[in-house]
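These notes concern the structure reproduced below.
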Amino acid sequence: MRPHVRLLHTSDLHLHWSHARTSLDSIRGLRVAAESTQAQSVLMAGDIFDTADQPAEFVAEVASEINAFEVPIVLIPGNHDIRYSEQERDALGSLGAALRPGHSLLHSIEGASTTLLGGALHVWGRGMAEHSPKNDPLAGLAVSEDPNTWSVVLAHGELMSKAGGLRSSPIILDRHAEALAGVHYVALGHHDDAKVSRWGSTVVCYSGSVSPILGTGDYAVVDLLDPHGVEVRIERLALE
Ligand SMILES: [Mn+2]
């Protein structure tokens, strides 16, 4: 039996220097939510920043707020976090470099994993070189083989039933059936609205956006619970 693990899953924060106060408030709101729900780790499934080109002072304030979380945070980039020109700064890269030990930015194009909570939780995610139909957010997916470990995947893109569309960063679960069979929870980002679905026994969830500009404040509280499996409830931050 795996130990009970509770996660807080959020995405699409769209932090922006021009909305610095409300941006920082939304991170503080998530911290309060993580504490009050007793989440053991926080997942941020991309679009952390609204654009890559944020001033260093603002990124430092964001880093300070994120480093104040007591529990480990795992982040991936979304299409709003990547740089679209050489002239742009790299806000998420700078944030990644400023994270305290224990927090992880998974932004390798090949994919990367981190194991948390004394081996109880394995989290995989990857970066994106480009937001295009060619970008597969699940390319290179790796899963823990340990029967005592929960396997969680972070991905930012468009959940689709089959290939062939023109949507950028398509997440086509059937294409990764073999690896996904060993995944308990897929934490998605990209949509502003929360949506919980299932792929076989794997729970697949868009948390909704906690951006004070475009989000509803929804986030997901995820219980990984043997022998019942995965339970998700959508909660809402009080955004201004
Ligand atoms: Mn997005």
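A short reminder: the numbers here are calculations on the coordinates, not readings from a lab. Quick caveat, the model's predicted, so the values are computed rather than measured. Note that we place each Cβ from the backbone using ideal geometry, even for glycine, and neighbour counts take in every protein chain shown.
For the range 1-99, GluC sites (Glu not before Pro) are listed when DSSP marks them as loop and at most 16 other Cβ atoms sit within 10 Å of their Cβ; the list is Glu70, Glu86, Glu88.
Grab the Cα-Cα distance for Ala238 and Lys162, subtract it from 0.36 nm times how many residues apart they are, and report the gain in nm with one decimal. So the extension gain works out to 23.7 nm.
Shown here for the range 120-179: GluC sites (Glu not before Pro) in loop regions (DSSP other than H, G, I, E, B) with at most 16 other Cβ atoms within 10 Å, namely Glu130, Glu145. Taking label points 7 Å from Cα along the Cα-to-Cβ direction, Arg100 and Ala68 give a separation of 1.1 nm.
With a Förster radius of 51 Å applied to the beta-carbon distance between Leu225 and Gln87, the computed FRET efficiency rounds to 0.60. Using C-alpha pairs below 8 Å separated by at least 6 residues, the relative contact order for the range 108-169 is 35 percent. Of the beta bridges in the chain, as assigned by DSSP with both residues counted there, near 45 percent are antiparallel.
Between the C-alpha center of the range 113-143 and that of the range 42-61 there is a gap of 19 Å.
Per residue, the average separation of C-alpha pairs within less than 8 Å and at least 6 apart gives the chain a relative contact order of 22 percent.
With kT/(6 pi eta Rh) evaluated at 37 °C and eta = 0.692 mPa s, and Rh the Kirkwood radius from Cα pairs, the chain diffuses with a coefficient of 187 µm²/s according to Stokes-Einstein.
Simple rule: put +1 on each Lys or Arg Cβ and -1 on each Asp or Glu Cβ in the chain, find the dipole, and look at Gly215, Leu116, Ser197; the Cα lying farthest toward the positive end is Ser197. Here the chain is assigned +1 on the Cβ of each Lys and Arg and -1 on the Cβ of each Asp and Glu. Its dipole about the Cα centre then comes out at about 400 debye.
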